[in-house]
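No value in this document is a laboratory result; all are computed from the given coordinates. Keep in mind the model is a prediction, meaning the values are calculated, not measured. For neighbour counting, all protein chains shown are included, and Cβ atoms are generated from backbone atoms with ideal geometry for every residue, glycine included.
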Amino acid sequence: MEKRRLSFWEIWNLSFGFLGIQMGFALQNANASRVLQIFGADVHELSWFWIVAPLTGLIVQPIIGYYSDRTWTKLGRRRPFFLTGALLASIGLILMPNADMFTAFMPALWVGAGMLMIMDASFNVAMEPFRALVADVLPSDQRTLGFSVQTVLIGIGAVLGSWLPYVLTNWIGISNTAEPGKVPLSLMLSFIIGAAVLVTSILITVITTKEYSPEEMALINGAEEEEEEVEESSLLNIFTDFKNMPLTMRQLSWVQFFSWFGLFGMWVFSTPAIAHHIYGLPLEDSHSNDYQNAGDWVGILFGVYNLVSAIYAFFLPAIAKKVGRKRTHAVSLIIGGLGLISIYFAPDKNWLILSMIAIGVSWASILAMPYAILAGSIPPKKMGVYMGIFNFFIVIPQIINALIGGPIVKYIYGGNPIYALIISGVSFLIAAALVSKVKDVDDRVSL
């Protein structure tokens, strides 16, 4: 038995939930630092508050991957997990900007950091099974297309989430300022709208997508699966799987490490870096109208790089077929690294759009190409757990950056976060150099 080839719109619906996930994720990435500063966080403390996000991912992803490999319900194998994750993430989105409601119990800053943890843990619960679902359902020669469509939807969702606060303020007239310690109404409404879109998009995927049953998967994988040694089902097998991970996965881990080290630095420090370096504002001025305008502009910029990634993702399958997945990914990372470094040299805020166009190219590739390369090297029965383990190499660099990023900004960069963005660019260039060492065992099918 072979997997059925899906039409484009079936693949689109298969990943449509990613639009809502990434809309919520974009609201978090572009605005969490601003919200935490409103609640009283200093710039050099921001990376410490952000550490809860990758730390929960480190714990949650492999566990979710393990159990999603072994869960079969009326909703299927993967769908129960990303539906649950979406519901929990929507709660975090609604409560984070309203953290001041809980000041009778603890400071709003700590409540906000707790909501950030809930959101990111929930996004992790939702995202990992989505990656595995594409590998489960699509035949090998449609996987690059499947992950590219995911990237398109991620881009669309991220544009909506990134631009929403700016649109509510500048097009509809909702205020983006508030009294000290309060989140502006435009930002609060953005998070609520993001929660609604998240749940709706996930439901569309759950309703329209059919997963293969255990019996069908056994027939698809055939004798190869039957001959595998039966292991005792235990969560501790994750450690064994980690030790025995495929060579391609080990090689990709270093590419992922430097890619996501750079991304984390960009997400955490872009708002204060641009407000200070481009707008000329003091870092402690997070409550002023000018600082909020700078924050809204960062949202626009993040929307630009996500829009570019959505467009570029359409061309990734054709480019990968022409020049190979490794070369495609390496060149894309170089372009993004130079884009991050160029932020330092931008004469005004509008020039930053060019920087974000370059970053968008690398973001599209980061979201698609490593997974397309990885999927061909993973045993089908362990697709979920290995996708979860692969997340180690996304969250560990973020944790390291979270621990050292703030002190480096304070003591080495003299409190100027723009240099954190330059280091992020250098990290992308290192990742690009490491792509050459990756063995793509399935590069013969790049469609």
Notebook entry, point to check: To the nearest 20 debye, what charge dipole does the chain have about its Cα centre, counting +1 at the Cβ of each Lys and Arg and -1 at the Cβ of each Asp and Glu?
Noted result: 780 debye
Note to self: Just to compare against my own numbers: the Cα pair-distance distribution for the stretch 270-321, 10 Å bins, whole % per bin, please.
What the structure shows: 25, 34, 19, 15, 7
Notebook entry, point to check: From the Cα gyration tensor of the stretch 110-179, with a ≥ b ≥ c the square roots of its eigenvalues, which class applies: rounded if a/c is under 1.5, or else prolate if a/b is larger than b/c, or else oblate?
Noted result: oblate
Item checked: Greater than 19 Å apart at Cα, pairs in 3/321; 3/326; 74/210; 182/349 -> 3/321; 3/326; 182/349
Check: Which whole-Hz couplings ³J(HN,Hα) result when phi for each residue of the stretch 313-323 is put into the Karplus expression 6.51 cos²θ - 1.76 cosθ + 1.60, θ = phi - 60°, listed in order with x for Gly and Pro?
Finding: 4, 4, 8, 4, x, 5, 5, 5, 5, 7, 10
Checklist line | Of every Cα-Cα pair in the chain, the percent that sits beyond 27 Å | finding: 49 percent
Next item on the list: Considering the options 272, 297, 331, tell which one lies farthest towards the positive end of the dipole of the stretch 232-331, charges being +1 on Lys and Arg and -1 on Asp and Glu at the Cβ, about the Cα centre.
Entry: 331
Notebook entry, point to check: How would you order 194-204, 170-180, 254-264 from highest to lowest mean count of nearby Cβ atoms within 10 Å?
Noted result: 254-264, 194-204, 170-180
Next item on the list: Could you run the Debye sum over the Cα atoms of the stretch 286-395, one equal point scatterer each and no solvent, and tell me log10 of I(q)/I(0) at q = 0.14, 0.15, 0.19 Å⁻¹, two decimals?
Entry: -0.68, -0.75, -0.99
Next item on the list: Could you list which residues have their amide H under 5 Å from that of residue 415, counting only those 5 or more apart in sequence or on another chain, with H placed in the peptide plane?
Entry: 410
Checklist line | Cα pair count fraction exceeding 17 Å, expressed as % - the stretch 120-222 | finding: 66 percent
Margin query: So for the stretch 108-194, averaging the separation of alpha carbon pairs under 8 Å that are six or more residues apart and normalising by length, what relative contact order in percent results?
Written below: 15 percent
